[in-house]
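Notes follow the structure.
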Amino acid sequence: MGRLYIVTSGKGGTGKTTVSVNLAAALADKGAGVAAVDMCIGFRNMDLFLGKENDIVYDSSDVIRGVCSIDQALVRDERFSDLRLLAAAPEHEDGVSLSRIHALLLTLKGRFDYVIVDMPSGAGKMTADLAETADGVILVSTADLASIRNTDAFDRRLKALGSEKQIVLINRLVPEFMNERIVPRLREINAMLRPDIAGVIQEDRVFQVSANLGVPAYMKKGTYIRKNFDAIAASFCIDIERKKNI
Ligand SMILES: Nc1ncnc2c1ncn2[C@@H]1O[C@H](COP(=O)(O)OP(=O)(O)OP(=O)(O)O)[C@@H](O)[C@H]1O
Ligand SMILES: [Mg+2]
(Lines give C-alpha, C1' and ligand atoms only; values in the text may rest on other atoms or scores of the structure.)
(Ligands and ions follow the chains in the order given, each with its own letter.)
Protein backbone atom coordinates (compact mmCIF):
# COMPACT_ATOMS: atom_id res chain seq x y z
CA MET A 1 0.00 0.00 0.00
CA GLY A 2 1.23 3.47 -0.82
CA ARG A 3 0.80 6.62 1.23
CA LEU A 4 -1.93 9.14 0.72
CA TYR A 5 -1.30 12.80 1.53
CA ILE A 6 -3.83 15.54 1.20
CA VAL A 7 -2.59 19.09 0.70
CA THR A 8 -4.90 21.76 2.04
CA SER A 9 -4.95 25.09 3.89
CA GLY A 10 -6.96 27.38 6.11
CA LYS A 11 -6.77 30.20 3.58
CA GLY A 12 -6.88 30.19 -0.20
CA GLY A 13 -3.87 30.95 -2.38
CA THR A 14 -1.21 29.86 0.11
CA GLY A 15 0.48 27.60 -2.44
CA LYS A 16 -1.25 24.21 -2.17
CA THR A 17 -1.04 23.44 -5.88
CA THR A 18 2.55 24.69 -6.05
CA VAL A 19 3.51 22.45 -3.13
CA SER A 20 1.57 19.48 -4.51
CA VAL A 21 3.20 19.47 -7.94
CA ASN A 22 6.72 20.07 -6.65
CA LEU A 23 6.35 17.43 -3.97
CA ALA A 24 4.96 14.97 -6.51
CA ALA A 25 7.90 15.80 -8.81
CA ALA A 26 10.43 15.35 -5.98
CA LEU A 27 9.02 11.95 -5.06
CA ALA A 28 8.71 10.79 -8.67
CA ASP A 29 12.26 11.90 -9.37
CA LYS A 30 13.45 9.35 -6.80
CA GLY A 31 11.78 6.61 -8.84
CA ALA A 32 8.60 6.36 -6.76
CA GLY A 33 5.27 5.77 -8.44
CA VAL A 34 3.27 8.93 -7.81
CA ALA A 35 -0.34 9.86 -8.53
CA ALA A 36 -0.92 13.62 -8.44
CA VAL A 37 -4.64 14.04 -7.92
CA ASP A 38 -6.50 17.31 -8.37
CA MET A 39 -9.54 17.38 -6.09
CA CYS A 40 -10.33 21.05 -6.70
CA ILE A 41 -13.48 20.21 -8.63
CA GLY A 42 -14.53 23.20 -10.70
CA PHE A 43 -11.34 25.08 -9.79
CA ARG A 44 -8.66 22.77 -11.15
CA ASN A 45 -5.10 23.99 -11.57
CA MET A 46 -2.80 20.99 -11.31
CA ASP A 47 -3.00 20.22 -15.03
CA LEU A 48 -1.76 23.74 -15.83
CA PHE A 49 1.03 23.66 -13.26
CA LEU A 50 2.22 20.35 -14.76
CA GLY A 51 1.80 21.60 -18.35
CA LYS A 52 -0.72 18.85 -19.10
CA GLU A 53 -3.84 20.90 -19.84
CA ASN A 54 -3.98 19.74 -23.45
CA ASP A 55 -3.68 16.07 -22.53
CA ILE A 56 -6.77 15.79 -20.33
CA VAL A 57 -9.53 13.73 -21.87
CA TYR A 58 -11.12 12.30 -18.72
CA ASP A 59 -11.14 13.43 -15.11
CA SER A 60 -11.87 11.92 -11.70
CA SER A 61 -15.59 12.63 -12.03
CA ASP A 62 -15.66 10.56 -15.23
CA VAL A 63 -14.02 7.68 -13.36
CA ILE A 64 -16.51 7.99 -10.51
CA ARG A 65 -19.46 8.04 -12.91
CA GLY A 66 -18.12 5.00 -14.74
CA VAL A 67 -17.60 6.91 -18.00
CA CYS A 68 -14.00 5.64 -18.19
CA SER A 69 -11.51 3.48 -16.32
CA ILE A 70 -8.90 4.86 -13.92
CA ASP A 71 -6.20 4.02 -16.46
CA GLN A 72 -7.93 6.02 -19.15
CA ALA A 73 -8.07 9.05 -16.89
CA LEU A 74 -4.49 8.89 -15.56
CA VAL A 75 -2.30 11.16 -17.66
CA ARG A 76 1.33 10.15 -17.91
CA ASP A 77 4.03 12.74 -17.33
CA GLU A 78 6.81 11.54 -19.56
CA ARG A 79 9.38 13.71 -17.75
CA PHE A 80 9.34 11.14 -14.92
CA SER A 81 9.44 7.35 -14.93
CA ASP A 82 6.13 7.00 -13.09
CA LEU A 83 4.18 10.19 -12.43
CA ARG A 84 0.51 10.28 -13.36
CA LEU A 85 -1.99 13.11 -13.12
CA LEU A 86 -5.65 12.60 -12.34
CA ALA A 87 -7.37 15.85 -13.26
CA ALA A 88 -10.43 17.37 -11.61
CA ALA A 89 -13.66 18.09 -13.45
CA PRO A 90 -13.72 21.58 -14.97
CA GLU A 91 -17.21 22.39 -13.68
CA HIS A 92 -18.44 22.54 -10.12
CA GLU A 93 -20.60 19.55 -9.25
CA ASP A 94 -23.19 19.28 -6.54
CA GLY A 95 -23.55 16.10 -4.56
CA VAL A 96 -20.23 14.49 -5.50
CA SER A 97 -20.24 11.09 -3.84
CA LEU A 98 -17.70 11.18 -1.03
CA SER A 99 -17.68 7.44 -0.68
CA ARG A 100 -16.78 7.06 -4.35
CA ILE A 101 -13.98 9.61 -4.09
CA HIS A 102 -12.79 7.70 -1.09
CA ALA A 103 -12.85 4.43 -2.98
CA LEU A 104 -11.03 5.99 -5.95
CA LEU A 105 -8.23 7.32 -3.76
CA LEU A 106 -7.88 4.00 -1.96
CA THR A 107 -7.55 2.24 -5.31
CA LEU A 108 -4.80 4.69 -6.28
CA LYS A 109 -3.12 4.12 -2.92
CA GLY A 110 -3.01 0.43 -3.76
CA ARG A 111 -1.32 1.12 -7.08
CA PHE A 112 1.12 3.96 -6.36
CA ASP A 113 3.80 4.57 -3.75
CA TYR A 114 2.44 8.06 -3.13
CA VAL A 115 -0.87 9.73 -3.81
CA ILE A 116 -0.62 13.51 -3.47
CA VAL A 117 -4.04 15.15 -3.43
CA ASP A 118 -4.42 18.87 -4.13
CA MET A 119 -7.49 19.93 -2.12
CA PRO A 120 -9.45 23.16 -1.90
CA SER A 121 -8.82 25.40 1.13
CA GLY A 122 -11.09 25.30 4.17
CA ALA A 123 -12.49 22.57 6.33
CA GLY A 124 -15.16 21.35 3.94
CA LYS A 125 -16.87 17.99 4.28
CA MET A 126 -14.70 16.35 1.62
CA THR A 127 -11.46 17.46 3.29
CA ALA A 128 -12.63 16.35 6.74
CA ASP A 129 -13.68 13.02 5.31
CA LEU A 130 -10.46 12.41 3.38
CA ALA A 131 -8.33 13.50 6.34
CA GLU A 132 -9.62 10.42 8.11
CA THR A 133 -8.17 8.05 5.54
CA ALA A 134 -5.08 10.03 4.61
CA ASP A 135 -1.67 9.09 5.98
CA GLY A 136 -0.90 12.77 6.36
CA VAL A 137 -2.57 16.16 6.04
CA ILE A 138 -0.23 18.84 4.75
CA LEU A 139 -1.42 22.29 5.79
CA VAL A 140 0.17 24.96 3.60
CA SER A 141 0.38 28.32 5.35
CA THR A 142 2.18 31.56 4.78
CA ALA A 143 3.91 33.32 7.69
CA ASP A 144 1.20 35.99 7.77
CA LEU A 145 -0.77 36.20 11.01
CA ALA A 146 -4.08 35.71 9.20
CA SER A 147 -2.83 32.54 7.55
CA ILE A 148 -1.34 31.18 10.78
CA ARG A 149 -4.57 31.82 12.65
CA ASN A 150 -6.61 30.00 10.02
CA THR A 151 -4.11 27.14 9.90
CA ASP A 152 -4.48 26.76 13.65
CA ALA A 153 -8.29 26.89 13.40
CA PHE A 154 -8.24 24.30 10.63
CA ASP A 155 -5.91 22.02 12.57
CA ARG A 156 -8.14 22.27 15.66
CA ARG A 157 -11.20 21.42 13.61
CA LEU A 158 -9.52 18.38 12.09
CA LYS A 159 -8.27 17.33 15.51
CA ALA A 160 -11.80 17.61 16.88
CA LEU A 161 -12.88 15.31 14.06
CA GLY A 162 -10.22 12.81 15.05
CA SER A 163 -7.31 13.64 12.71
CA GLU A 164 -3.93 14.29 14.32
CA LYS A 165 -1.79 13.74 11.23
CA GLN A 166 -1.47 17.38 10.30
CA ILE A 167 1.90 18.86 9.43
CA VAL A 168 2.59 22.41 8.32
CA LEU A 169 4.61 23.81 5.44
CA ILE A 170 5.33 27.53 5.55
CA ASN A 171 5.30 28.88 2.00
CA ARG A 172 6.11 32.26 0.46
CA LEU A 173 8.47 33.15 3.27
CA VAL A 174 10.07 36.59 2.92
CA PRO A 175 13.09 36.52 5.29
CA GLU A 176 13.25 40.35 5.53
CA PHE A 177 9.69 40.39 6.90
CA MET A 178 10.85 38.12 9.71
CA ASN A 179 13.97 40.15 10.36
CA GLU A 180 11.92 43.34 10.45
CA ARG A 181 9.42 41.70 12.84
CA ILE A 182 6.56 42.18 10.39
CA VAL A 183 5.71 38.49 10.55
CA PRO A 184 6.55 36.11 13.42
CA ARG A 185 9.80 34.16 13.43
CA LEU A 186 9.71 30.43 12.80
CA ARG A 187 10.06 29.47 16.45
CA GLU A 188 7.16 31.82 17.25
CA ILE A 189 5.04 30.26 14.52
CA ASN A 190 5.96 26.87 15.92
CA ALA A 191 4.68 27.94 19.32
CA MET A 192 1.43 29.19 17.78
CA LEU A 193 0.65 25.90 16.00
CA ARG A 194 0.19 22.38 17.31
CA PRO A 195 1.60 20.47 14.28
CA ASP A 196 5.30 20.51 13.47
CA ILE A 197 6.64 22.77 10.74
CA ALA A 198 7.94 20.23 8.24
CA GLY A 199 9.47 22.71 5.84
CA VAL A 200 9.83 26.29 4.73
CA ILE A 201 9.64 27.51 1.14
CA GLN A 202 10.78 30.99 0.24
CA GLU A 203 8.92 33.54 -1.82
CA ASP A 204 10.49 33.28 -5.27
CA ARG A 205 9.10 34.45 -8.58
CA VAL A 206 10.47 31.26 -10.14
CA PHE A 207 7.37 29.50 -8.79
CA GLN A 208 5.07 31.85 -10.64
CA VAL A 209 7.06 31.56 -13.86
CA SER A 210 7.17 27.76 -13.65
CA ALA A 211 3.43 27.51 -12.93
CA ASN A 212 2.70 29.52 -16.06
CA LEU A 213 5.15 27.48 -18.13
CA GLY A 214 3.82 24.18 -16.77
CA VAL A 215 7.25 23.08 -15.57
CA PRO A 216 7.55 22.44 -11.81
CA ALA A 217 10.33 24.59 -10.32
CA TYR A 218 11.73 21.39 -8.82
CA MET A 219 12.81 20.22 -12.26
CA LYS A 220 15.61 22.72 -12.63
CA LYS A 221 18.75 20.92 -11.45
CA GLY A 222 21.18 22.42 -8.95
CA THR A 223 18.78 24.96 -7.43
CA TYR A 224 18.04 25.62 -3.76
CA ILE A 225 14.37 25.01 -4.57
CA ARG A 226 15.11 21.48 -5.74
CA LYS A 227 17.28 20.77 -2.70
CA ASN A 228 14.59 22.14 -0.43
CA PHE A 229 11.83 19.98 -1.91
CA ASP A 230 14.09 16.92 -1.74
CA ALA A 231 14.54 17.59 1.98
CA ILE A 232 10.83 18.24 2.53
CA ALA A 233 9.82 15.08 0.70
CA ALA A 234 12.25 13.02 2.77
CA SER A 235 11.56 14.61 6.14
CA PHE A 236 7.79 14.83 6.24
CA CYS A 237 7.37 11.19 5.27
CA ILE A 238 9.54 10.18 8.21
CA ASP A 239 7.78 12.63 10.55
CA ILE A 240 4.36 11.29 9.72
CA GLU A 241 5.51 7.72 10.24
CA ARG A 242 7.04 8.69 13.58
CA LYS A 243 3.84 10.43 14.72
CA LYS A 244 1.68 7.52 13.70
CA ASN A 245 3.85 5.12 15.68
CA ILE A 246 3.71 7.08 18.95
N1 LIG B 1 6.88 30.25 -2.81
C2 LIG B 1 6.28 31.00 -3.72
N3 LIG B 1 6.87 32.12 -4.21
C4 LIG B 1 6.25 32.89 -5.14
N5 LIG B 1 5.04 32.64 -5.65
C6 LIG B 1 4.40 31.55 -5.20
C7 LIG B 1 4.97 30.67 -4.22
N8 LIG B 1 4.08 29.68 -3.99
C9 LIG B 1 3.01 29.92 -4.77
N10 LIG B 1 3.21 31.03 -5.49
C11 LIG B 1 2.28 31.65 -6.45
O12 LIG B 1 1.14 32.04 -5.71
C13 LIG B 1 -0.05 31.82 -6.47
C14 LIG B 1 -0.97 30.88 -5.69
O15 LIG B 1 -0.32 29.62 -5.61
P16 LIG B 1 -1.15 28.26 -5.72
O17 LIG B 1 -2.07 28.33 -6.90
O18 LIG B 1 -0.20 27.15 -5.62
O19 LIG B 1 -2.00 28.40 -4.37
P20 LIG B 1 -3.26 27.53 -3.91
O21 LIG B 1 -3.20 27.47 -2.43
O22 LIG B 1 -3.26 26.24 -4.63
O23 LIG B 1 -4.47 28.43 -4.39
P24 LIG B 1 -6.05 28.04 -4.36
O25 LIG B 1 -6.50 28.22 -2.94
O26 LIG B 1 -6.66 29.01 -5.30
O27 LIG B 1 -6.14 26.62 -4.83
C28 LIG B 1 0.41 31.29 -7.81
O29 LIG B 1 0.53 32.35 -8.71
C30 LIG B 1 1.78 30.69 -7.51
O31 LIG B 1 2.64 30.69 -8.63
MG1 LIG C 1 -4.79 25.39 -5.82
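The values are calculated or read from the model by the stated rules, or taken from the named source; none is laboratory data. What you see is a predicted model; the values in this text were computed from it and never measured. Because the Cβ atoms are built from the backbone with ideal geometry, glycine has one as well, and the counts that use them run over all protein chains shown.
Ala211 meets each of the listed conditions (1) modelled with pLDDT of 95 or more; (2) of a type in the set (A, V, I, L, M); (3) surrounded by fewer than 16 Cβ atoms within 10 Å (Cβ to Cβ) apart from (3). So, Glu132, is that one farther than 30 Å from Glu93 by Cα, surrounded by fewer than 22 Cβ atoms within 10 Å (Cβ to Cβ) and either within 15 Å of ligand 1 (Cβ to nearest atom) or not small (Gly, Ala, Ser) (or both) or not? No; evaluated as a whole, the condition is false for this residue.
State all residues of the range 24-45 that are crowded, with 24+ Cβ neighbours inside 10 Å, away from ligand 1 (no atom under 15 Å from the Cβ) and closer than 22 Å to Ala231 by Cβ; if no residue qualifies, say none. Answer for the range 24-45, where residues must be crowded, with 24+ Cβ neighbours inside 10 Å, away from ligand 1 (no atom under 15 Å from the Cβ) and closer than 22 Å to Ala231 by Cβ: Leu27, Ala28, Val34. Filtered by the rule that a residue be within 13 Å of Thr8 (Cα to Cα) and either in a helix (DSSP H, G or I) or touching a His at 6+ places or on another chain (Cβ under 6 Å) (or both), the range 142-152 gives Ser147, Asn150, Thr151, Asp152. Against the conditions (1) within 20 Å of Val215 (Cβ to Cβ); (2) without any contact (Cβ under 8 Å) to a residue 12 or more places away in the chain, Val19 satisfies every one except (2).
Taking the criterion of being within 17 Å of Glu132 (Cβ to Cβ) and not β-branched (Val, Ile, Thr), the residues of the range 63-119 that qualify are Ser97, Leu98, Ser99, Arg100, His102, Ala103, Leu104, Leu105, Leu106, Leu108, Lys109, Met119. Among the residues of the range 110-147, those that are modelled with pLDDT of 95 or more and either over 27 Å from Ile201 (Cα atoms) or in contact with an Asp or Glu (Cβ under 7 Å, 6 or more places away or on another chain) (or both) comprise Gly110, Arg111, Asp118, Leu139.
Determine whether the range 48-59 contains at least one residue that is closer than 30 Å to Leu193 by Cα and buried (at least 19 other Cβ atoms within 10 Å of the Cβ). The answer is yes, given that some residue of the range 48-59 is closer than 30 Å to Leu193 by Cα and buried (at least 19 other Cβ atoms within 10 Å of the Cβ). Taking Asn171 as the residue in question, decide whether it is closer than 13 Å to Asn22 by Cβ, touching a Gly at 6+ places or on another chain (Cβ under 7 Å), of a type in the set (S, T, N, Q) and at pLDDT 95 or above. Yes: the conditions hold for Asn171. Of Val117, Val96, Val137, all but one fail to be within 19 Å of Ile64 (Cβ to Cβ), within 16 Å of ligand 2 (Cβ to nearest atom) and not hydroxyl-bearing (Ser, Thr, Tyr); the exception is Val117. For the range 3-58, a residue qualifies if it is within 13 Å of ligand 2 (Cβ to nearest atom), in a loop (DSSP other than H, G, I, E, B) and not β-branched (Val, Ile, Thr), and the qualifying residues are Ser9, Lys11, Gly12, Gly13, Gly15, Met39, Cys40, Gly42, Phe43, Arg44, Asn45, Leu50. Being among the aromatic types (Phe, Trp, Tyr), within 16 Å of ligand 1 (Cβ to nearest atom) and either under 30 Å from Thr142 (Cβ atoms) or within 20 Å of the chain's Cα centre (by Cα) (or both) is a condition met by no residue of the range 74-88.
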